[in-house]
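A.B. asks: Handing you a structure now.
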Amino acid sequence: MQKFHAKARKKMMKTSLLYPVNSTSRRFSSLDGMWRFQFDPESAGVAANWAGGLPDSVTMPVPASFCDFFTDKDSREYTGDFWYETDFFVPGEWQGCELNIRFGSVTHRARVFVNGTEVVSHEGGFLPFLAPVTDVVNYNGMNKLVVLANNELNEYMLPAGTTGVLSNGKKMSAPYFDFYNYAGIHRPVKLVVTPKESIVDYTVSYRLDGADAFVDYTVETSGSSPVAVELYDAEGAKVAESAGAAGTLTVKDAHLWNVHASYLYKIVIRIVDGDKVVDEYYEKIGIRTFEVKNQRFLLNGKSVYLRGFGKHEDADIRGRGLDLATVKRDFECMKWIGANCFRTSHYPYADEVYQMADEEGFLIIDEVPAVGFMESTMNFLAANQGNGKKVGWFEKETTPQLLVNHKQALREMITRDKNHACVVAWSILNEPQCTSEGTEAYFKEVFDYAHELDVQKRPRTYAIVMMSLPNTSKGWQFSDFLSLNRYYGWYVMGGYQMCDAEVGFRKELDGWQAIAGDRPLIFTEYGADTLPSEHKLPSVMWSQEYQDEYLEMNHRVFDSYDFIQGELVWNFADFQTTEGIMRANGNKKGVFTRQRQPKDAAFVFKARWESLPLDYKG
Ligand code: GCB
């Protein structure tokens, strides 16, 4: 692997993660399309000056994972360095502006070169970053953009895993997580043009007072000129305005954003110099409050019972690459079935997913890619992984670097997603090993950091793994609400033991109920692998009939506990994983197939979720 280190930025200005818009002062152009691509198994490309152009490339679409295009196994499973290349034109009239190339995500790490000069490097495969290119592009001319990426896994990154070498000398990633290690330029690439003095970030939070609302805002700019802010309703009428980089917009008779009843205002932010507009940015925002109180989730002060899914960004052929058609289909399926919430398991999704959730009135529990933090023979179900040692995950020599990366991912996720109405909670980890001594210090650090970063102080949680119980887990105390991943009737006491599974499940829940205090509890996972081809009467595990019976038992249990305030089934759709004896060409716990067609269970959910009132158990 060639060196991937966070390069000191030439300018110490904070990177802007604002979603690109065109406005009176801003331009962006898409660099998506057919790029060129080359594997670099020897990590020889930097020394051989591939930054100046790839010597022997193939075509490769962007955005997409590279893996599933290939028809040979070595290419699909390729682990190591790989390169992308394209050319782009920069108009002369952009001279004097700030130019950045925004990558929606490159998995898992990238170094970016423009016209042979390295402009940025970034660690983390699920969040955007900017490559500053103002000083290296040819104006009124063509430019070469080359990206060196790498998909190796290690124990101090998010998500965690290892990289081994096969007997034929090929590197092979071994994820400690249960999704395929898709890699590539996964999200849109845009050339973003802003004025020299520009809006870098803004933050909103809300207070409700009877029929009125107060939108408290702060704006960060790269200069010192005055800031003006306006708010427009959905019909385009101006409803509030304010001057200054911090202030309050007062909205009379506010139209609140709600579940399945989205209402979006448009916030317009300007840097002004007398009559002149120096920079202008705008975005849609939804006015709402969200809090946890007395074992309830309160949206705009009213109880809401969460129902929906853990999802993945995963589809045929394109892997984890953003595909707006799939995003659209997913939302239509989720509306049809009566869902109102999903967790972005196990990483922050593409910007466009949150925009869609804002528009459609869905609640999101936004998860950072802290998954695979578990040292055990279960890493992750495949026989070749894990070394069986029982070492606390947060007491390893890798922990300090892991913490740095975890905080970076939290910072980038919260900076990017904080203004979305749909984002109502943060999930700080998925299924960490959390019973050993080092847990508390680590958890305190990351949970406090999320709170510090979020002006809205959204509730924080983490998904608690099986076997991590009220009396053994050292992590749950940091959660504002409890989230359990539980598989009673699947991994534990499945099939004919279903009655024992129910007894064991209730016993565990009695324990959580006793310690929950004001916290509600939700299921962030429960589910059973189901092959859409299999029918069996009476049921057997893997058949569609069994999935229905499993769900019936789980729902009976959920309905009998008042503090259970949500059910996010695992998973929305079947998804690809590493191959192994526990997986039948991927994880089949989908309520929908990977092609987004319903299994029988989808109709069980539709009947249930459409019959439960929004404030069920409220
Ligand atoms: C889990 C993990 C999830 C897996 C799931 C399963 O607990 O959080 O990533 O896919 O179980 O199906 O085993």
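The values are calculated or read from the model by the stated rules, or taken from the named source; none is laboratory data. No experiment lies behind these values; they were computed from the predicted model shown. Every residue, glycine as well, gets a Cβ built from its backbone with ideal geometry; the counts of neighbours run over all protein chains shown.
A.B. asks: Take F447 and decide whether it is within 30 Å of N585 (Cβ to Cβ) and either modelled with pLDDT of 95 or more or part of a helix (DSSP H, G or I) (or both). Can you show your working first?
C.D. replies: On the way: within 30 Å of N585 (Cβ to Cβ): no; either modelled with pLDDT of 95 or more or part of a helix (DSSP H, G or I) (or both): yes.
When the stated conditions are applied, F447 does not pass them.
A.B. asks: Taking region 416-446, which residues are of a type in the set (S, T, Y) and more than 13 Å from the chain's Cα centre (by Cα)?
C.D. replies: Selection gives T435, S436, T439, Y442.
A.B. asks: While we're on this one: Take the residues of region 436-466 that are among the β-branched types (V, I, T) and within 16 Å of the ligand (Cβ to nearest atom): which is surrounded by the fewest Cβ atoms within 10 Å (Cβ to Cβ)?
C.D. replies: V465
A.B. asks: Spot the failing condition for P91; the list is (1) surrounded by 23 or more Cβ atoms within 10 Å (Cβ to Cβ); (2) more than 23 Å from V58 (Cα to Cα), and only one is missed.
C.D. replies: Single failed check for P91: (1).
A.B. asks: For a quick check of your reading: which strands (runs of 3 or more DSSP E) sit entirely within region 86-187 and have at least 2 residues that are away from the ligand (no atom under 16 Å from the Cβ), of a type in the set (D, E) and at pLDDT 95 or above?
C.D. replies: Fully inside region 86-187 and qualifying: 117-123.
A.B. asks: Determine the pairs where a residue that is in contact (Cβ under 8 Å) with a residue 12 or more places away in the chain, located within region 126-142, has a partner that is of a type in the set (D, E) with Cβ atoms under 6 Å apart, the partner being 6 or more residues away or on another chain.
C.D. replies: Qualifying pairs under 6 Å: L127/E412; T134/E98; M142/D87.
A.B. asks: For region 455-474, state whether one or more residues are over 30 Å from L551 (Cβ atoms), in a loop (DSSP other than H, G, I, E, B) and of a type in the set (V, I, T).
C.D. replies: yes
A.B. asks: Quick one: which residue in S173, S205, S224, S242 is among the hydroxyl-bearing types (S, T, Y) and under 30 Å from G80 (Cα atoms)?
C.D. replies: S173
A.B. asks: Checking S105 against (1) under 19 Å from S222 (Cα atoms); (2) touching a His at 6+ places or on another chain (Cβ under 6 Å); (3) among the polar types (S, T, N, Q), which test does it fail?
C.D. replies: It fails just one condition, (1).
A.B. asks: Out of curiosity, is A6 modelled with pLDDT under 95 and farther than 30 Å from V277 by Cβ?
C.D. replies: Details: modelled with pLDDT under 95: yes; farther than 30 Å from V277 by Cβ: yes.
Against the criterion (modelled with pLDDT under 95 and farther than 30 Å from V277 by Cβ), A6 qualifies.
A.B. asks: Condition first: within 16 Å of the ligand (Cβ to nearest atom), at pLDDT 95 or above and either more than 22 Å from A450 (Cα to Cα) or of a type in the set (A, V, I, L, M) (or both). Now tell me which residues in region 332-375 satisfy that.
C.D. replies: I365, V368, A370, V371
A.B. asks: Could you run through region 209-245 and say how many residues are hydrophobic (A, V, I, L, M, F, W, C) and exposed (fewer than 14 other Cβ atoms within 10 Å of the Cβ)?
C.D. replies: Within region 209-245, residues that are hydrophobic (A, V, I, L, M, F, W, C) and exposed (fewer than 14 other Cβ atoms within 10 Å of the Cβ) number 4.
A.B. asks: Criterion first (more than 27 Å from the chain's Cα centre (by Cα), more than 15 Å from the ligand (Cβ to nearest atom) and not in a strand (DSSP E or B)) does D480 satisfy it?
C.D. replies: no
A.B. asks: Name the residue that is nearest to L298 (Cα to Cα), counting only residues in region 491-520 that are within 16 Å of the ligand (Cβ to nearest atom) and of a type in the set (A, V, I, L, M, F, W, C).
C.D. replies: Of everything passing the filter in region 491-520, F505 is nearest to L298 (Cα to Cα).
A.B. asks: How many of the residues making up region 577-593 are within 14 Å of the ligand (Cβ to nearest atom) and either under 23 Å from the mean Cα position of the chain (by Cα) or of a type in the set (A, V, I, L, M) (or both)?
C.D. replies: 11
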